[in-house]
Amino acid sequence: MKTILKGGNVFMNGELCALDILIEDCCIKEIANDIDDKNAEIIDVRGLAVFPGFSDVHVHLREPGFLSKETIKTGTLAAAHGGYTAVCSMPNLDPCPDTMEHLGVQLDAIERDACIKVVPYGTITMGEKGEALSEMEAMASYVAAFSDDGRGVQSDGMMLSAMEKAKSLGKLIAAHCEDNSLLFGGYIHDGEYAKAHGHRGICSESEWKQVERDLELVRKTGVGYHVCHISTKETVELIRNAKKEGLDVTCETGPHYLTMTDADLGEHGRFKMNPPLRAEEDRKALLAGLLDGTIDMIATDHAPHTAEEKSRGLEKSPMGVVGLETAFPVLYTELVKTGIAPLSLIIEKMSETPAKRFSLGGGKIEEGARADLCVFDLEKEYVINSSEFLSMGKATPFEGKKVFGRAKMTIFGGKTVWQEK
């Protein structure tokens with residue numbers, strides 16, 4: 001099988017260059033001007049941007065256990081629709097991947113139904129209960145990292161043991177940092193909107209205090225440590241200083257934290273996620289951290305729920321919004337077109353850095369690499385409409401937003417896995 005992507009603006013070495021790409025079997029065979037191969041299928045991508053496939057290290061696919069919210073089939077199709085060719089699936093499932101037997105249920109479903117690369121997480125503790133370590137050694141070669149996502153590990157001693165074990169296995173700890181003793185029943189940011197509308201708030205300290213604790217444990221163990229979905233200015237500063245110190249630390253934030261604040265909240269459940277949308281000073285600190293390299297990657301925390309669940313308003317809806325199908329256009333519109341961040345930085349944070357840190361492969365367009373690519377029309381303006389999503393989840397804070405950057409095609413391993421009709 002041979003395919004030529006003809007005349008696209010190919011993202012290489014930080015720039016868009018007018019080039020052809022010859023794909024043979026699953027790999028990029030040649031990148032050059034005017035490639036001619038009479039045995040190849042020609043796909044005309046003139047005027048379109050060709051990027052390395054995106055990698056998202058924080059995605060909830062909900063299978064096994066919660067098939068009314070999402071499945072591996074629908075979740076990976078949604079990912080492909082957003083330009084992603086690799087995702088890491090979060091472990092708060094039923095059964096959760098705390099043993100090799102439980103992990104195997106998810107691995108079988110991935111093998112059967114995923115249209116892109118999916119690498120699961122294993123849990124840090126059994127049942128994500130924080131009481132005993134999971135079967136980390138048995139699962140190590142099958143998982144991207146270990147995480148109790150959705151819950152912070154409350155015990156210092158348990159997190160220390162987990163870090164020591166992960167270090168011995170050469171695996172990352174990916175931490176959902178949340179101190180339960182500081183939550184007080186909150187469900188949105190403890191800021192102006194909460195005060196004005198009578199909602200219970202989540203203080204910033206509930207996040208950064210546990211990051212601070214974990215960094216002290218990283219100093220003791222030397223483990224590779226990754227902080228999930230950071231949202232506060234204090235967290236940014238803690239991670240910035242940890243990197244200066246030489247600790248093996250990375251972090252992610254989401255498109256919504258970079259482009260929205262609690263001033264954008266409404267009463268609908270589509271604005272409710274954990275951590276919550278914070279204040280403008282937090283958003284500015286996140287942007288600064290993105291630009292100076294403190295924040296290594298952008299992840300969506302794609303967390304689908306049923307329409308009925310998300311119809312219960314801010315207080316009673318479950319935490320979580322979808323993001324795979326809106327991430328790039330939102331970031332391109334809000335950060336690149338406004339001149340806040342260069343396109344090269346956004347692509348780096350969505351492709352190369354996450355792929356490298358989590359050993360997913362890909363992340364660059366180069367000869368000999370696996371042909372994992374996505375194609376976008378950067379000039380196309382449209383309105384985000386969740387009814388067009390391939391995800392079963394429709395709750396997005398970006399509903400109705402005008403954006404630029406329409407996905408046209410995604411190729412995984414040389415095969416077109418999604419294409420605009």
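Observations
- Count of the range 230-248 residues which are open to solvent by less than 10 Å² (accessible area, probe 1.4 Å) and closer than 21 Å to Asp148 by Cβ: 6
- The single residue among Cys88, Cys96 that is outside any loop (DSSP other than H, G, I, E, B) and open to solvent by less than 20 Å² (accessible area, probe 1.4 Å) turns out to be Cys88.
- Listed conditions (1) in a helix (DSSP H, G or I); (2) touching a Gly at 6+ places or on another chain (Cβ under 8 Å); (3) open to solvent by 70 Å² or more (accessible area, probe 1.4 Å) are all met by Lys220, apart from (2).
- From Glu352, Glu379, Glu367, residue being assigned to a helix (DSSP H, G or I) and over 30 Å from Gly185 (Cβ atoms): Glu352
- Per the listing Lys272, Lys209, Lys233, Lys244, the residue uniquely free of Cβ contacts under 8 Å to residues at least 24 places away in the same chain and on the phi < 0 side of the Ramachandran plot is Lys244.
- Pairs where the first residue, in the range 160-187, is open to solvent by less than 20 Å² (accessible area, probe 1.4 Å) and the second is basic (Lys, Arg), C-beta under 7 Å, 6+ apart: His176/Arg151; Gly186/Arg200; Tyr187/Arg200; Tyr187/Lys272
- Residue list for the range 279-321, restricted to those being assigned to a loop (DSSP other than H, G, I, E, B), open to solvent by less than 10 Å² (accessible area, probe 1.4 Å) and either free of Cβ contacts under 8 Å to residues at least 40 places away in the same chain or over 27 Å from Gly83 (Cα atoms) (or both): Ser317
- Residue that is least open to solvent (accessible area, probe 1.4 Å) [pool: residues in the range 250-278 that are part of a helix (DSSP H, G or I) and among the hydroxyl-bearing types (Ser, Thr, Tyr)]: Tyr257
- Selection count where residues are within 24 Å of Leu335 (Cβ to Cβ) and assigned to a loop (DSSP other than H, G, I, E, B), scope the range 394-419: 7
- Count - residues of the range 360-398 that are under 16 Å from Ala79 (Cβ atoms), of a type in the set (Phe, Trp, Tyr) and in contact with a strand residue (DSSP E or B) (Cβ under 9 Å, 6 or more places away or on another chain): 1
- Unmet requirement for Cys115, which otherwise passes all of (1) outside any loop (DSSP other than H, G, I, E, B); (2) over 30 Å from Gly266 (Cα atoms); (3) open to solvent by less than 40 Å² (accessible area, probe 1.4 Å): (1)
The values are calculated or read from the model by the stated rules, or taken from the named source; none is laboratory data. Bear in mind that the values here come from a model prediction, so they are computed numbers and not experimental data. Positions of Cβ are backbone-derived with ideal geometry, glycine not excepted, and every protein chain shown enters the neighbour counts. Protein only, heavy atoms only, side chains kept; ligands, DNA and RNA dropped before computing areas. Shrake-Rupley method; radii C 1.70, N 1.55, O 1.52, S 1.80 Å.
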